[in-house]
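I have a structure here, written as structure tokens, and I will follow up with some questions on it.
The values are calculated or read from the model by the stated rules, or taken from the named source; none is laboratory data. Here the structure is a predicted model, which means the values were calculated and not measured. Every residue, glycine among them, receives a Cβ derived from its backbone with ideal geometry; neighbour counts consider all protein chains shown. We work out accessible area using only protein heavy atoms, side chains counted, and drop any ligands, DNA or RNA first. Shrake-Rupley method; radii C 1.70, N 1.55, O 1.52, S 1.80 Å.
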Amino acid sequence: MEHEEVRIRRGRRSGLTLIIAIHSRALGPAAGGIRLRRYPDWRDGLTDALRLSEAMTAKNAAAGLGFGGGKSVIALEPGTELTPARREAALLDLGELIESFDGSYFGGPDVGTGPDDMAVVHRETPRVFCLPESSGGVGSSSAPTALGVFESLLAGAAHVFGSDSLRGRTVVISGLGSVGGLLARQVADAGARVVVSDVDESKRTADHEWVTPEKALRTPADILVPAAVGGVLTPELVPELSAPLIVGPANNQLTGDAVAGELAARGIVWIPDFVASAGGVVYVLLREVEGLGHEDALDRVRAIGVTVSRVLDTASANGTTPLREAQSLVDARLISAR
Ligand code: PHE
């Protein structure tokens, strides 16, 4: 990890720790979401920001966008209550910090934030994506993110099973957040048996079968979809996994790059998260920066499936991992920018 810049500040209104990590601006200004999450210590939020901003460099580059990678973290430490007033104060504090980058970093929604929060950030800086539609933005990026993952999942199924039909397949979705919830419906509509899990029991409904989060990753399935936070695919877990195909929207699913090799050695196809999860940022940047229409932007999101097929085919042909091939795609773009 070689980051260009990190700014850490205590918000003067909120008293919360704000972190903006810029991994790379080689391809253009950095773009990446604003994560609002509880951490045992703000330093854990810093670690998260460093890893997530690096992942955004890969995501934006692999998707062919003229943007670099960055990420914001608003770290809630134990004992700090997030009242609506403090939330608003923290978003204004962060807006001020974003503005200090003079246009070399743009924020957007991420875990813990949405379009209404972006409207608050926008009171301090224009450098923020996904404002509510009523304020002239495209609103939530969840639907295009889910679409990009769905297309990746179909491409993966065609590669692994020889058919992209989901009829009769069991798909386990771990995490029913804004993207996971949409995916569950899409995959069920395509004829799959869907099993879901979430740390929040209240998300359990009659719509889908339910397993606890501890069991989700080990549940017998054809396809496993990590759709919560990262760091779920560990070396310890690899021998216990059952699904031959893993693809999902969670960022930084692997605890380390070596896990990609261990998955491949077990014959499990893992589709790199930074490729599969790019639908949101692709859609939003094409609409809000390039001025493309809804359908044209969705076509570019669907093209993520083509990239996935290419990555999987190349990895098979070269005897490498999909991670290695996706990384060469990223490296090629970063090198041509120099
Ligand atoms: N949270 C998004 C992601 O991880 C980042 C993002 C979305 C950035 C929308 C800008 C606009 O890809």
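Residues L285, L323: which one is in contact with a strand residue (DSSP E or B) (Cβ under 8 Å, 6 or more places away or on another chain), open to solvent by less than 30 Å² (accessible area, probe 1.4 Å), part of a helix (DSSP H, G or I) and away from the ligand (no atom under 16 Å from the Cβ)? Before the answer, list the steps.
Working: L285 fails: away from the ligand (no atom under 16 Å from the Cβ).
One residue alone meets the criteria, L323.
Just name the residue that is nearest to L285 (Cα to Cα) out of those in the range 144-199 that are without any contact (Cβ under 8 Å) to a residue 24 or more places away in the chain and out of contact with any helix residue (DSSP H, G or I) (no Cβ under 6 Å at 6 or more places or on another chain).
Among residues in the range 144-199 that are without any contact (Cβ under 8 Å) to a residue 24 or more places away in the chain and out of contact with any helix residue (DSSP H, G or I) (no Cβ under 6 Å at 6 or more places or on another chain), the one nearest to L285 (Cα to Cα) is G181.
May I pose another question? Being part of a helix (DSSP H, G or I) and over 13 Å from the mean Cα position of the chain (by Cα) is the filter here, so list the residues in the range 50-90 that pass it. Show your work before the answer.
Filtering the range 50-90 down to residues part of a helix (DSSP H, G or I) leaves 50-62, 84-90.
The answer is L50, A61, A62, P84, A85, R86, R87, E88, A89, A90.
Taking only the range 288-299 into account, find how many residues are charged (D, E, K, R) and either surrounded by 22 or more Cβ atoms within 10 Å (Cβ to Cβ) or away from the ligand (no atom under 14 Å from the Cβ) (or both). Reasoning before the result, please.
Step one: filter the range 288-299 for residues charged (D, E, K, R), giving 288, 290, 295-296, 299.
Those left that are additionally either surrounded by 22 or more Cβ atoms within 10 Å (Cβ to Cβ) or away from the ligand (no atom under 14 Å from the Cβ) (or both): 295-296, 299.
Total satisfying the criteria: 3.
For the range 31-40: of the residues being assigned to a loop (DSSP other than H, G, I, E, B) and closer than 19 Å to L97 by Cβ, which is nearest to the ligand (Cβ to nearest atom)? Talk me through it step by step, then tell me what you get.
Here is the first cut: in the range 31-40, the residues assigned to a loop (DSSP other than H, G, I, E, B) are 32-33, 39-40.
Imposing the further condition that a residue be closer than 19 Å to L97 by Cβ reduces the set to 32-33, 39.
Details: G32: 5, G33: 3, Y39: 17 Å.
Among them, the one singled out is G33.
Restricting attention to the range 19-30, does a residue exist that is closer than 14 Å to E77 by Cβ and assigned to a strand (DSSP E or B)? Steps first, answer last, please.
Of the residues in the range 19-30, the ones closer than 14 Å to E77 by Cβ are 19.
Right, trim to assigned to a strand (DSSP E or B) and you get 19.
Yes: the range 19-30 contains one or more residues that are closer than 14 Å to E77 by Cβ and assigned to a strand (DSSP E or B).
So how many residues does the range 91-116 have that are part of a helix (DSSP H, G or I) and either within 12 Å of the ligand (Cβ to nearest atom) or among the hydrophobic types (A, V, I, L, M, F, W, C) (or both)?
Step one: of the range 91-116, the residues part of a helix (DSSP H, G or I) are 91-99, 115-116.
With either within 12 Å of the ligand (Cβ to nearest atom) or among the hydrophobic types (A, V, I, L, M, F, W, C) (or both) added as a condition, the list becomes 91-92, 94, 97-98, 115.
Final tally of qualifying residues: 6.
Please verify whether the range 254-274 includes one or more residues that are over 15 Å from R324 (Cβ atoms), within 16 Å of the ligand (Cβ to nearest atom) and touching a residue at least 12 places away in the same chain (Cβ under 8 Å).
Among the residues of the range 254-274, not one is over 15 Å from R324 (Cβ atoms), within 16 Å of the ligand (Cβ to nearest atom) and touching a residue at least 12 places away in the same chain (Cβ under 8 Å), which makes the answer no.
Another question, if that's okay. Given the structure, is S24 touching a His at 6+ places or on another chain (Cβ under 6 Å) and within 26 Å of V306 (Cα to Cα)? Give the derivation first.
Values: touching a His at 6+ places or on another chain (Cβ under 6 Å): no; within 26 Å of V306 (Cα to Cα): yes.
In short, no.
I'm told V111 meets every condition in (1) open to solvent by less than 30 Å² (accessible area, probe 1.4 Å); (2) under 29 Å from S309 (Cβ atoms) except one. Can you identify the failing condition by its number?
The number of the failed condition is (1).
For H122, which of the numbered conditions (1) out of contact with any strand residue (DSSP E or B) (no Cβ under 7 Å at 6 or more places or on another chain); (2) open to solvent by 20 Å² or more (accessible area, probe 1.4 Å) fails to hold?
Of the numbered conditions (1) out of contact with any strand residue (DSSP E or B) (no Cβ under 7 Å at 6 or more places or on another chain); (2) open to solvent by 20 Å² or more (accessible area, probe 1.4 Å), the odd one out for H122 is (1).
Looking only at the range 210-233, which residues are over 18 Å from L166 (Cβ atoms) and outside any loop (DSSP other than H, G, I, E, B)? I'd like the intermediate steps shown before the answer.
Initial filter on the range 210-233 (over 18 Å from L166 (Cβ atoms)): 210-218, 228-233.
Residues satisfying the conditions are W210, P213, E214, K215, A216, L233.
Something else: The conditions are (1) open to solvent by 10 Å² or more (accessible area, probe 1.4 Å); (2) hydrophobic (A, V, I, L, M, F, W, C); (3) over 19 Å from the mean Cα position of the chain (by Cα), and L312 fails exactly one of them. Which is it?
(1)
For the range 41-76: of the residues being among the hydroxyl-bearing types (S, T, Y) and within 12 Å of the ligand (Cβ to nearest atom), which is surrounded by the fewest Cβ atoms within 10 Å (Cβ to Cβ)?
Applying the first criterion (among the hydroxyl-bearing types (S, T, Y)) to the range 41-76 yields 47, 53, 57, 72.
The next check asks that each one be within 12 Å of the ligand (Cβ to nearest atom); those that pass are 53, 57, 72.
Details: S53: 29, T57: 29, S72: 27.
Restricting to residues being among the hydroxyl-bearing types (S, T, Y) and within 12 Å of the ligand (Cβ to nearest atom), the top hit is S72.
Here's a follow-up. Going through the range 262-282 one residue at a time, which ones are open to solvent by 10 Å² or more (accessible area, probe 1.4 Å), β-branched (V, I, T) and assigned to a loop (DSSP other than H, G, I, E, B)?
If the condition is that a residue be open to solvent by 10 Å² or more (accessible area, probe 1.4 Å), β-branched (V, I, T) and assigned to a loop (DSSP other than H, G, I, E, B), then I268 is the only one that fits.
Here's something else I'd like to know. Return the only residue of S202, S178, S152, S163 being at negative phi, surrounded by fewer than 22 Cβ atoms within 10 Å (Cβ to Cβ) and under 18 Å from the mean Cα position of the chain (by Cα).
S178
Let me ask something else. Quick one: how many residues across the range 133-146 are surrounded by 17 or more Cβ atoms within 10 Å (Cβ to Cβ) and away from the ligand (no atom under 13 Å from the Cβ)? Walk me through how you get there before you give the answer.
Within the range 133-146, the subset surrounded by 17 or more Cβ atoms within 10 Å (Cβ to Cβ) is 137-146.
When the remaining residues are screened for being away from the ligand (no atom under 13 Å from the Cβ), the result is none.
Result for the range 133-146: 0.
Looking at (1) out of contact with any helix residue (DSSP H, G or I) (no Cβ under 8 Å at 6 or more places or on another chain); (2) outside any loop (DSSP other than H, G, I, E, B); (3) more than 28 Å from G162 (Cβ to Cβ), which is the only condition E236 fails?
Here E236 meets the rest and fails (2).
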